[in-house]
Amino acid sequence: MRRSLTASLAACLALCAAQASADTLQLNNYTYGSENVSVHISGGNTPDFSYSGGAGEFQGTLNGKAFNTYCLDLYQEFNWGATYTD
């Protein structure tokens with residue numbers, strides 16, 4: 001009984017691990033153009049951060065399908081046309 005339980009658990013873990021995958025994101029341009037903005041964040045539990053540049057809705061692909069978004073982490077950088085899988 002113990003052997004079959006161990007074998008079943010090992011098979012289950014192998015199947016679960018095989019299905020783990022990362023999303024693939026690529027941002028290509030602004031959807032409706034952009035506006036220049038300046039943002040500064042300070043205090044709290046985060047380090048100071050400043051950004052000056054374009055802002056607007058982004059267009060691209062998420063897992064090969066058309067994707068539009070306004071939300072990106074201000075502390076992360078990206079490059080147009082680059083593919084991200086993390």
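Worth pointing out:
- Matching residues, the range 66-84, being surrounded by 10 or more Cβ atoms within 10 Å (Cβ to Cβ) and touching an Asp or Glu at 6+ places or on another chain (Cβ under 9 Å): 68, 69, 84
- Neighbours by Cβ (under 7 Å, 6+ apart or cross-chain): first from the range 37-52, more than 15 Å from residue 77 (Cα to Cα); second of a type in the set (Val, Ile, Thr) and in a strand (DSSP E or B): 48/41
- Within the chain, strands (runs of 3 or more DSSP E) holding 3 or more residues that are modelled with pLDDT under 75: none
The values are calculated or read from the model by the stated rules, or taken from the named source; none is laboratory data. In this text, all values refer to a predicted model and were calculated from it rather than measured experimentally. Neighbour counts run over all protein chains shown; Cβ positions are idealised from the backbone, glycine included.
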